[in-house]
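Written below as structure tokens is the structure these notes are about.
The values are calculated or read from the model by the stated rules, or taken from the named source; none is laboratory data. None of these values were measured; they are calculated from a predicted model. Ideal geometry is used to build each Cβ from the backbone, glycine not excepted, and the neighbour counts take in all protein chains shown.
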Amino acid sequence: MQRRRRTWIGALLLGLVLTPASAGQRSGPDVERRIDDLISKMTLEEKLGQLQMLDGLAEGNERPEHADLIRKGLLGATLNIRGVERTNALQKIAVEQSRLKIPMLFAFDVIHGYRTIFPVPLGEAASWDPEAAERSAAIAADEASAVGLKWTFAPMVDIARDPRWGRIVEGAGEDTYLGSVFARARVRGFQGDDPAAPNRVVACAKHWVAYGAAEAGRDYNTTDVSERTLRDVYFPPFKATVDAGVGTFMSAFNDLNGVPASGNHWSLTEVLRNEWKFDGIVVSDYTSVEELINHGIAADGRDAARVALSAGVDMEMVSTNYNKYGAGLVKDGGLTMQQIDEAVRRILRIKFRLGLFDRPYADPAREATALLTPEHVAAAREIAARSFVLLKNDRSVLPLDKNVRSVAVVGPLADDAASAIGSWAGDGRPQDAVTPLAGIRAKIGEAKVTYVKGCDVEGDATDEIAKAVDAAKAADATVLVVGEAGGMTGEASSRASIDLPGRQLELAKAVVATGKPVAVVLMNGRPLTIEWLAGNAPALLETWFGGSQHGNAVADVLFGDVNPGGKLPVTFPRAVGQVPIYYNHLNTGRPSDPKNKYSSKYLDVAWTPLYPFGYGLSYTTFELSDLKLEAERIRTTDSVRASVEVRNSGSRAGDEVVQLYVRDLVASVSRPVKQLVGFKRVTLGPGESRRLDFTVAPEQLGFTGRDMKFVVEPGAFLLTAATSSDGGIEKRFEVVP
Ligand code: BGC
């Protein structure tokens, strides 16, 4: 009793120390009352000011008119303005010179690092290591907050099944479960336990919703997705961010089943607010309110403001229709004051939650010390190497021997620092980035390395190919670095062909024809169609765009200091005509059968992928055995408990990602042939085994039923433990009511 009491008193004291400055004053009834009070004092113009986000100028500068708008209470948030001197100066105007002293919110796209750049998100997802994603997001938040930012437009959690779509690079790939796990990790990394902490920022789940389903993979294009597929495939990563406490959402550019996402009352209000109880801000994407006119669901800017705000978009990014037409709309009944107040309330709520009313300024001392620290750089190197996927390694070409006498480094991306950091690289600088050439030189010494570019990434010049062949012939080993330039994925970077661009395949063919050991290092932000390389290059290492430390990580893996253990977060097709191709497809009535012409396949290309989702090799080998189920009959409300033995059967330490899939064999709705429900990345020494335990929650067995309600149906299921989405060991189990 004594002891318990002491503990209780201790907890109370601790609470007294922590509460006033933290959660106590930033949310709850008191804050809601302060918000009511502020709203009651605001003019309509000031309210509309809170709903406006404007863009800065290049290099993080503000526009000349911003200071005055802030002083008059007519601007609530900006994007792209950064640097503590600027943000603090503007903040000072807001909190000292504006009538109601409401602080500003400064946003920026901090997607895979602010100054220290981590792998592009698709690459980082290939690590199958959510802790790495949480760590890199936390570092990104640390650096971003040090330059006066308090809001990042990340994570992008759009499921993408079409590699033509350039923005596939910004998400976690094709899978709903992997995407949800990474979505949660990234929100936690950016926001921590408390986004008000000086080294954290508020995250933004984007792009709500189905933006990744753009028809034909063309950016900004139409999407038409059934409600069931939305609920079962596209929604869950967003729901995971809400469950993780994400503060903001961004409404997408695309139209969705005929109703643009930035004017879609169903997705923005009925699902997000009413079903999921999200109480944060929805910001439009860049001018997506105004674009409702192009979509043909608004006659003019006034109409666009009415449609977007009543659908549930609280803040208008860059276009200014709320501001221009809000007062008129309230006057003539197009919008109610209550609707405006509700949007203002959500914005003020986040400003309180971020502690901006108490602590509006960023600490200038931190800006000088927080960026690109040795710890951040070391983390970038480690995480980059964890994201690499070994696709092929015939005759153990890799790892290369560090005592090799000479290495030819060939290819247009081998020394391309801008590409190493990829697109959406925050304020990352090419001059801080290590290219594969620089990394290899640092690893084995300059004298051993010859470099020949060979050709350009795009373009037709071939005159250096002969020189590259000579270099390969003269060297003990060749590292050929090919792929896409960093800017070939990202926004507005869709491609109709996903082959190696330019003359790179010609270069590869010539170099491989030398018969010397050639390791191909791929740099790209999307799956590429690389059937020739897969068939003919001795070794293939997928390295994405690895960030500031890309080249050092490449050298670590090529020379065996790190054993690669990443797995593909997305299917690699053989030909672009197979797209969309993804592992968790339905079985169809005529599943592909090579012996039956009238089955679902192609005449000219195999129906299977080149590399399946979840695939990746190691310098060692692993075996799975003895899949066990705790119970072979469970109820619809029970979890599945399973375990499997994994053994490193090779002679080096290495990582394996053990994956668990389920299939609902018979249901009222056709279910995918396989669905990822769990995974673990483990490191095992040579000969070492470990039994891994998995718990699959009952919800993971369910789906959206015929009545559009979530259901876990009794029946037979198949559980597979595997090292990729192809193959594995299986066990059946039964779900009973
Ligand atoms: C993109 C968003 C981004 C916004 C602000 C838009 O063009 O679609 O992802 O956050 O710009 O930069």
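Please specify each residue of the range 281-301 satisfying the condition of being more than 16 Å from the ligand (Cβ to nearest atom) and in contact with a helix residue (DSSP H, G or I) (Cβ under 8 Å, 6 or more places away or on another chain).
Across the range 281-301, the qualifying residues are ILE293, ILE297, ALA298, ALA299, ASP300, GLY301.
Is one or more of the residues making up the range 408-421 more than 27 Å from the chain's Cα centre (by Cα), under 17 Å from VAL554 (Cβ atoms) and in a helix (DSSP H, G or I)?
no
Consider VAL682 against the criteria (1) in a strand (DSSP E or B); (2) among the aliphatic types (A, V, I, L, M); (3) under 27 Å from SER226 (Cβ atoms): it satisfies all of them except one. Which criterion is unmet?
(3)
What single numbered condition from (1) surrounded by fewer than 24 Cβ atoms within 10 Å (Cβ to Cβ); (2) without any contact (Cβ under 8 Å) to a residue 60 or more places away in the chain; (3) in contact with a strand residue (DSSP E or B) (Cβ under 7 Å, 6 or more places away or on another chain) fails to hold for VAL318?
It is condition (2) that VAL318 fails.
Looking for whichever is in a loop (DSSP other than H, G, I, E, B), over 30 Å from LYS206 (Cβ atoms) and either basic (Lys, Arg) or at pLDDT 95 or above (or both) here; the options are THR514, THR529, THR450. Which one fits?
Unique residue meeting the criteria: THR514.
Conditions tested, residue by residue: (1) more than 34 Å from the chain's Cα centre (by Cα); (2) within 16 Å of the ligand (Cβ to nearest atom); (3) modelled with pLDDT under 95.
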position: TRP8; (1), (2), (3): yes, no, yes
position: SER22; (1), (2), (3): no, no, yes
position: ILE39; (1), (2), (3): yes, no, no
position: ALA58; (1), (2), (3): no, yes, yes
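Scan the range 253-294 residue by residue and report those that are within 12 Å of ALA311 (Cβ to Cβ) and touching a residue at least 40 places away in the same chain (Cβ under 8 Å). Spell out how you get there, then give the answer.
Step one: list which residues in the range 253-294 are within 12 Å of ALA311 (Cβ to Cβ), which gives 256, 259-273, 282, 284, 288-289, 292.
Within the range 253-294, LEU256, ALA261, SER262, GLY263, ASN264, HIS265, SER267, LEU268, THR269, LEU272, VAL282 meet the criteria.
Based on this model, can you work out whether ASN536 counts as in contact with a helix residue (DSSP H, G or I) (Cβ under 6 Å, 6 or more places away or on another chain), modelled with pLDDT of 95 or more and surrounded by fewer than 24 Cβ atoms within 10 Å (Cβ to Cβ)? I'd like the intermediate steps shown before the answer.
Details: in contact with a helix residue (DSSP H, G or I) (Cβ under 6 Å, 6 or more places away or on another chain): yes; modelled with pLDDT of 95 or more: yes; surrounded by fewer than 24 Cβ atoms within 10 Å (Cβ to Cβ): yes.
So ASN536 passes the test.
Conditions tested, residue by residue: (1) among the small types (Gly, Ala, Ser); (2) over 26 Å from ARG681 (Cα atoms); (3) more than 16 Å from the ligand (Cβ to nearest atom).
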{"residue": "ALA133", "(1), (2), (3)": "yes, no, yes"}
{"residue": "ALA138", "(1), (2), (3)": "yes, no, yes"}
{"residue": "ASP142", "(1), (2), (3)": "no, yes, yes"}
{"residue": "ALA146", "(1), (2), (3)": "yes, yes, yes"}
{"residue": "LEU149", "(1), (2), (3)": "no, yes, no"}
{"residue": "PRO163", "(1), (2), (3)": "no, no, yes"}
{"residue": "ILE168", "(1), (2), (3)": "no, no, no"}
{"residue": "GLY171", "(1), (2), (3)": "yes, no, no"}
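What are the pairs with Cβ atoms under 9 angstrom where one residue, in the range 466-491, is on the phi > 0 side of the Ramachandran plot and the other, located anywhere, is buried (at least 24 other Cβ atoms within 10 Å of the Cβ) and in a helix (DSSP H, G or I)? Sequence gap at least six, or different chains.
From residues that are on the phi > 0 side of the Ramachandran plot, the pairs are GLY483/SER419; GLY483/GLN504; GLY490/GLY166; GLY490/ARG167; GLY490/VAL169; GLY490/GLU170.
Please name all residue pairs, on different chains or six or more residues apart, with Cβ atoms under 9 Å, provided the first residue is in the range 204-217 and is farther than 16 Å from ASN257 by Cα and modelled with pLDDT of 95 or more and the second residue is in a loop (DSSP other than H, G, I, E, B) and basic (Lys, Arg).
Correct list of pairs: GLY217/ARG164; GLY217/ARG495.
Restricting the search to the range 302-317, which residues are within 16 Å of the ligand (Cβ to nearest atom) and of a type outside the set (D, E, K, R)?
Once the filter is applied, which keeps residues that are within 16 Å of the ligand (Cβ to nearest atom) and of a type outside the set (D, E, K, R), the range 302-317 yields ALA308, VAL313, MET315, MET317.
Tell me whether the range 586-604 contains one or more residues that are in a loop (DSSP other than H, G, I, E, B), over 29 Å from SER387 (Cβ atoms) and aromatic (Phe, Trp, Tyr).
yes
Quick check on VAL209: is it within 14 Å of the ligand (Cβ to nearest atom), closer than 23 Å to ARG306 by Cα, touching a Ser or Thr at 6+ places or on another chain (Cβ under 7 Å) and of a type in the set (A, V, I, L, M, F, W, C)? Walk me through it before giving the result.
Numbers: within 14 Å of the ligand (Cβ to nearest atom): yes; closer than 23 Å to ARG306 by Cα: yes; touching a Ser or Thr at 6+ places or on another chain (Cβ under 7 Å): yes; of a type in the set (A, V, I, L, M, F, W, C): yes.
Yes.
Can you confirm whether SER670 is more than 22 Å from VAL736 (Cβ to Cβ) and of a type in the set (S, T, N, Q)?
no
Can we say SER310 is in a helix (DSSP H, G or I), in contact (Cβ under 8 Å) with a residue 40 or more places away in the chain, closer than 30 Å to ASP194 by Cα and of a type outside the set (Lys, Arg)?
No.
Restricting to the range 174-204, name every residue that is within 16 Å of the ligand (Cβ to nearest atom), aliphatic (A, V, I, L, M) and over 28 Å from PRO612 (Cβ atoms). Full working, then the answer.
Of the residues in the range 174-204, the ones within 16 Å of the ligand (Cβ to nearest atom) are 183, 186-187, 190, 201-204.
Remaining after also requiring aliphatic (A, V, I, L, M): 183, 187, 201-203.
Result: VAL187, VAL201, VAL202, ALA203.
LEU624 versus (1) over 30 Å from ILE383 (Cα atoms); (2) not in a loop (DSSP other than H, G, I, E, B): which is the lone unmet condition?
(1)
Any residue at all in the range 324-335 that's closer than 24 Å to GLN97 by Cβ, in contact with a helix residue (DSSP H, G or I) (Cβ under 8 Å, 6 or more places away or on another chain), away from the ligand (no atom under 16 Å from the Cβ) and in contact (Cβ under 8 Å) with a residue 60 or more places away in the chain?
Among the residues of the range 324-335, at least one is closer than 24 Å to GLN97 by Cβ, in contact with a helix residue (DSSP H, G or I) (Cβ under 8 Å, 6 or more places away or on another chain), away from the ligand (no atom under 16 Å from the Cβ) and in contact (Cβ under 8 Å) with a residue 60 or more places away in the chain, which makes the answer yes.
Quick test for you: out of VAL233, VAL246, VAL259, VAL271, pick the one residue that is crowded, with 16+ Cβ neighbours inside 10 Å, within 16 Å of the ligand (Cβ to nearest atom) and at pLDDT 95 or above.
VAL246
Please go through (1) buried (at least 21 other Cβ atoms within 10 Å of the Cβ); (2) modelled with pLDDT under 95 for VAL469 and return the number of the only condition it doesn't satisfy.
It is condition (2) that VAL469 fails.
Sort out which residues of the range 686-715 are under 22 Å from THR176 (Cα atoms), touching a strand residue (DSSP E or B) at 6+ places or on another chain (Cβ under 8 Å) and surrounded by fewer than 15 Cβ atoms within 10 Å (Cβ to Cβ), and write them in order of number.
Result: ASP693, THR695, GLU699, PHE710.
List pairs: first residue in the range 567-585 and surrounded by fewer than 22 Cβ atoms within 10 Å (Cβ to Cβ), second residue among the charged types (D, E, K, R) and not in a loop (DSSP other than H, G, I, E, B) anywhere in the structure, Cβ distance under 6 angstrom, at least six positions apart or on different chains.
ARG574/GLU531
Search the range 100-124 for residues being within 16 Å of the ligand (Cβ to nearest atom) and either in a helix (DSSP H, G or I) or acidic (Asp, Glu) (or both), and hand back the single one that is surrounded by the fewest Cβ atoms within 10 Å (Cβ to Cβ). Steps first, answer last, please.
First pass over the range 100-124, keeping only residues within 16 Å of the ligand (Cβ to nearest atom): 105-114, 120-122.
Next, only the ones that are either in a helix (DSSP H, G or I) or acidic (Asp, Glu) (or both) stay: 109, 121-122.
Details: ASP109: 20, PRO121: 31, LEU122: 31.
My answer is ASP109.
So that you can scan it fast, the table gives a plain yes or no per residue for (1) under 17 Å from TRP151 (Cα atoms); (2) touching a helix residue (DSSP H, G or I) at 6+ places or on another chain (Cβ under 9 Å); (3) within 16 Å of the ligand (Cβ to nearest atom):
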residue: MET42; (1), (2), (3): no, yes, no
residue: LEU54; (1), (2), (3): yes, yes, yes
residue: GLY73; (1), (2), (3): no, yes, no
residue: ILE81; (1), (2), (3): yes, yes, yes
residue: VAL84; (1), (2), (3): yes, yes, no
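Filter the range 672-718 for residues that are within 30 Å of ARG652 (Cα to Cα), of a type in the set (D, E, K, R) and within 28 Å of the chain's Cα centre (by Cα) and give the result. Outline the logic, then answer.
Of the residues in the range 672-718, the ones within 30 Å of ARG652 (Cα to Cα) are 676-695.
Remaining after also requiring of a type in the set (D, E, K, R): 680-681, 688, 690-691, 693.
If the condition is that a residue be within 30 Å of ARG652 (Cα to Cα), of a type in the set (D, E, K, R) and within 28 Å of the chain's Cα centre (by Cα), then LYS680, ARG681, ASP693 are the ones that fit.
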